Amino acid sequence: MIANTIFFWIFSLIAVISALFMITRKHPLSSALCLVITFIALSGLYGLLSAKLLFVIQILVYAGAIMSLIIFSIMLLNVKEENLPKEDNIKKRVIFSSLLLLPMFFIIYLSIELYETYYFQDISSDFGSIKSLGLFLFTKYTLPFEIVSILLLIALLGVVVLAKRKI
Amino acid sequence: MISTQDYLIVSAILFFIGVLGVLTRKNLFIIFMSIELMLNSVNLTFVTFSRFFEDLTGQAIVFLVIAVAAAEAAIGLSIVILIFKNKESLNIDDFNIMKG
Amino acid sequence: MIDSKFLLLIPLLPLIGSIISGLYSLLNSEKTNYKINENLVSFISCATPIISFLISLMFFLSLNNLEEKLITYNFYNWISSGYLNVDFELMLDPLSSMMTIVITFIGSLIHIYSISYMHNDRGFARYFSYLNLFTFSMLILVLAKNLPLMFLGWEGVGLCSYLLIGFWFQDKEKAIAGNKAFITNRIGDLGFLIGIFLIFWQIGTLDFIDINQKVSEMNLEIITLITLLLFVGAMGKSAQIPLHVWLPDAMAGPTPVSALIHAATMVTAGIYMIVRLNVLYSLSPFTLSIVASIGLFTAFFAATVAITQDDIKKVLAYSTVSQLGYMFLGVGIGAYTAGTFHLFTHAFFKALLFLGSGSVIHAMSNEQNIWKMGGLFSKMKITAITFCIGTLAISGIPPFAGFFSKDEILWKVFESGNILFYIIALFTSFLTAFYMSRLFFVVFFGNLRIKDENIISHIHESPIFMIIPLIILAVFSTIVGFLGIPHSSLFESWLSPIIVKQNEIQHYQNSMEIVLMFISVLIAILGISSAYYFYVVKNNIVENLYNNPKLKPIYKMSYNKWYFDEVYRDIIIKPLYFISNNILFVIDKYLIDGFVNGISKLYSAMSYAFRDIQSGIVRHYAYFMIFGMFIIFLISIF
């Protein structure tokens, strides 16, 4: 149990800190690398929550596929320093946005704190495994699953069409 | 000991960092990545509740969300590339065709 | 036994055929110049009504075995709103079973006939798509179990008639004829629709079976109003005075279409609707007397017009109007079975006559004026003989079909005690025999009057696909009459479950009936022989008539269709134009337009004040969004 607590703190600190780094970096490439770290830390949190399949998928798909896609496109565009937008007045925007967001965050924080405190019980090792989640997806969620597959196909076609377009 | 609330608070913090990124930065890529971060924080909430209720539905939805996010990333990035080729700029404020 | 849910197949198959050939016809546009595969289209379009016909036959047989002669099937709940609950429910009872068989049988023959007739037409696939849609609509109309569904078919038939009459829409006159049919039908449909609303308002149901049960809840005045309004609808569809003007103009369409409209579909819808609601109509003697009078007057009027027309299809068109008048006369005096029986036999011989005329027109290279034809008997024997059978049938010569049905109506009119009606109807029957034989003699006897060598050399017997339907129809026109032999009528006993029982009062002896039968046959023979005398023995009669100053006005009046079109033009259309050009135009331009434009100006002024909010910068939109979310949070908390 104590190990769980320690890992939780490690992972969440890494996730939050690297997320903060992500939004403060000037060059998008460094932001992307920070985001990869956030995603990996998040997958650790999934693991702690005994979502084993999602743990793997988070690393493979998010940290692996999607982030490398983003990094590829940043490198493909060959963004140079002079192409980056000038972030003038950033302080003003940060203050304004924070003022706007803080009350909301406060409300959400309160609503979470008012929620009953629940410490996780032990759970069978089967929960969240590939087999159980796979069975669940292919029995109760067959239709959404198939629809998502069609969506992916359409996205594939859409990307080809967009990428081939001459401007 | 770690409770459900701790996970939810982490998720909320990540979500607000994402919103802050969208609101303050001008770089298209960073805004795009902030949106991805918001998606992930919501995923964390789903997984937490899935564990809390000991019900796999939350995880199934996260699975579908990841698939949709992949599609979204592909389309979104190709649009970003098109925009960059078109305008030679990554500044979101340069795209204001909708100005009234 | 056949499962009742297959009932849907009867209308569905033609619909499928229509969709297939409709989509296929899209390939053939002005741009693509795609050659339509005619064999494929004709196979699909003819197979579907034929299969529908076979299914209808199977249903007819299984209906025959049932104790209670009714098959219904509820497919789904179509409209559900408040008290209004309309199901997509089909019903097969003796009446609709008879109608489906007539529609699909004659429809199939007309489809087959059209293969040759429309050969090499640009719109071949489009034509068959419309034709199938027509069959579908009519089948929905007769199979419907409630009034809204019937109205669907009713409107569908109106639409298809518009599409088919204006089929060659490049010709402006034909397009206008289509418009005329559509608009005239609209007037009738308005009455029909108000009648439906009134029924729902009064008894809260639109189902035929429920209507029959709840009919006693209404009082007599409202029933009279409803039946009169529904009869307005029937007048529009079945071309009764004063809404008959569209039917003769409907000749603009291809000839098989005329056959379909006049024989199997469309015009029979009005009769069908009245017979379907005969329980309602029987309660209102006033409406019935109106129906009978209008029917009789229409029959007489159309017969007088038909005598002088010189377009082969116009003669047939007016003969249809006249025969429909007979049907309404029969229905109006309460002889629903007789009216329906005349509808049944008329479907056969009128289809035969129209297809025969199509064959003649085909041979004459689209010449329709009968004074240019003549002496065609030797050149197209099969067409001539079948046409002759049709003529004898419509004139009422035994043993052909028309004799039994028309005589039945005449006898019922006589039995109802209205001698004036009987005499007019008998005179009309004389006129019918006269103008039909005139048509026959002028077209097939005498000398060929056209001088164009190209056309003369082209005259020939029609191809096999056109001949076979003619022969089949001729055979049926000869024999179907025996289904309704007086006093042992199979037809009457078949329809008896749905026809309201009437008090049988035997006014006259049976011998009287036989005497009347002889009289009507005699009248018919008189009509035929006088036509023979006038048009074959003394074939210059027309010039004599026209030059005779006493007869000239009568002749012209008949030739110009009693000036109905001109009267409508002067009384209705011209004042409408005048009012709209001079009074309504000003109101429309300054009052209504000013109001509408003012509103749009107001909005554009208001939006000008708010346009700066749309900065075009995404971040600002996000600020607004978050602010909105914040407010929603606050609302949900407190």
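Mind checking the dipole of region C:203-313: about its Cα centre, +1 per Lys or Arg Cβ, -1 per Asp or Glu Cβ, Debye to the nearest 20? Please list the in-between numbers first.
Details: 4 positive and 7 negative charges, 21 e Å.
Around 100 debye, computed over region C:203-313.
Measure out, as a whole number of angstrom, how far apart the alpha-carbon centroids of region A:1-69 and region C:236-270 sit.
For region A:1-69 versus region C:236-270, the Cα centre distance is 77 Å.
Binning at 10 Å from 0, report for region C:131-281 what percent of all alpha-carbon pair distances ends up in each bin.
Bin by bin from 0 Å, the calculated values are 12, 43, 29, 13, 3, 0.
On the first, second and third principal axes, largest extent first, how far apart are the outermost C-alpha atoms of region A:2-128 in Å?
Each principal axis gives a Cα extent; for region A:2-128 these are 55, 36, 20 Å.
Can you bin region C:1-86 into rounded, prolate or oblate? Criterion: square roots of the alpha carbon gyration tensor eigenvalues sorted a ≥ b ≥ c, rounded for a/c under 1.5, prolate for a/b above b/c, oblate for the rest. Let's see the in-between values first.
Details: a/c = 5.69, a/b = 1.64, b/c = 3.46.
Oblate shape, in that a/c is at least 1.5 and b/c is the bigger or equal ratio.
Could you give each residue of region C:459-471 its phi-based ³J(HN,Hα) in whole Hz, using Karplus coefficients 6.51, -1.76, 1.60 with θ = phi - 60°, and x for Gly or Pro?
The phi angles translate into 5, 7, 5, 6, x, 4, 5, 8, 6, 4, x, 4, 5 Hz.
In debye, nearest 20: dipole of the protein assembly as shown around its Cα centre with unit charges on the Cβ of K, R (+) and D, E (-)?
Magnitude of the dipole: close to 2380 debye.
Can you give me the three principal axis dimensions of region C:563-637 from its C-alpha atoms, in Å, biggest first?
Here the spans come out as 77, 28, 21 Å, largest first.
For the protein assembly as shown, with the dipole built from +1 on Lys and Arg beta-carbon atoms and -1 on Asp and Glu ones, taken about the Cα centre, which of A:ILE14, C:LEU92, C:VAL102 lies farthest toward the positive end?
A:ILE14
Please report, in whole Å³, the volume per residue of the convex hull around the C-alpha atoms of the protein assembly as shown. Display every interim value, and only then the final one.
Details: hull volume 230.2 nm³, N = 905.
That works out to 254 Å³ per residue.
Relative to the longest principal axis of chain B, what angle (0 to 90°, nearest 10) does the C-alpha long axis of helix B:4-24 take?
It is inclined by approximately 10 degrees.
Hey, got the dipole for region B:4-94? About the Cα centre, +1 on K and R Cβ, -1 on D and E Cβ, debye to the nearest 20? Don't skip to the end; give the middle numbers.
Working: 5 positive and 8 negative charges, 47 e Å.
Taking the Cα centre of region B:4-94 as origin, the dipole is about 220 debye.
Once phi is turned into ³J(HN,Hα) by the Karplus curve 6.51 cos²θ - 1.76 cosθ + 1.60 with θ = phi - 60°, what whole-Hz value does each residue of region C:137-148 show in order, with x for glycine and proline?
Once rounded to whole Hz, the list reads 4, 5, 5, 4, 4, 7, 8, 5, 9, 9, 5, x.
Restricting to lysine pairs 8 or more places apart or on different chains, what number in region A:2-128 have Cα atoms under 20 Å apart?
Numbers: A:LYS26/A:LYS80; A:LYS26/A:LYS86; A:LYS26/A:LYS91; A:LYS26/A:LYS92.
So the count works out to 4.
Could you work out the relative contact order of chain B, using alpha carbon pairs under 8 angstrom and six or more residues apart, expressed as a whole percent?
Details: 70 pairs, mean separation 28.6, N = 100.
Relative contact order, chain B: 29 percent.
Per DSSP H run of at least 4 residues, take -39500 (n - 2.57); add these up for the protein assembly as shown, divide by its residues and hand me the 222 nm value, nearest 500 deg cm²/dmol.
Details: 38 runs with 630 residues, N = 905.
Taken over the protein assembly as shown, the calculation gives -23000 deg cm²/dmol.
Exactly which GluC sites (Glu not before Pro) in region C:65-122 are in a DSSP loop and have at most 11 other Cβ atoms within 10 Å? Mind dumping the intermediate values first?
On the way: sites: C:GLU67, C:GLU68, C:GLU89; in loops: C:GLU67, C:GLU68.
In loop regions of region C:65-122 (DSSP not H, G, I, E or B), the sparsely surrounded GluC sites (Glu not before Pro) are C:GLU67, C:GLU68.
Can you divide the C-alpha Rg of region C:236-285 by 2.2 N^0.38 Å and report the result to two decimal places?
Details: Rg = 13.1 Å, N = 50, 2.2 N^0.38 = 9.7 Å.
Taking N as the residue count of region C:236-285, the ratio is 1.35.
Could you run the Debye sum over the Cα atoms of region B:4-94, one equal point scatterer each and no solvent, and tell me log10 of I(q)/I(0) at q = 0.20 Å⁻¹, two decimals?
Reported log10 I(q)/I(0), two decimals: -0.94.
Kindly identify chain C as rounded, prolate or oblate by the Cα gyration tensor criterion: order the square roots of the eigenvalues as a ≥ b ≥ c, call it rounded if a/c is under 1.5, otherwise compare a/b with b/c, prolate if a/b is larger, else oblate. Mind showing how you got there, number by number?
Numbers: a/c = 1.70, a/b = 1.45, b/c = 1.17.
Cα axes put chain C in the prolate bin.
Considering the dipole of the protein assembly as shown built from charges on the beta carbon (Lys and Arg +1, Asp and Glu -1) around the Cα centre, which of C:GLY166, C:ILE140, C:LEU283 is farthest to its positive end?
C:GLY166
Note down the Stokes-Einstein diffusion coefficient of region A:53-167 in µm²/s, whole number, using a Kirkwood radius over alpha carbon pairs, 20 °C, and 1.002 mPa s. Let's see the in-between values first.
Values: Rh = 20.1 Å.
The estimated diffusion coefficient comes to 107 µm²/s.
Any read-out appearing in this document is the output of simple, stated calculations on the displayed coordinates, not a laboratory observation. Computed from a predicted model, the values in this text were never measured in an experiment. Every residue, glycine as well, gets a Cβ built from its backbone with ideal geometry; the counts of neighbours run over all protein chains shown.
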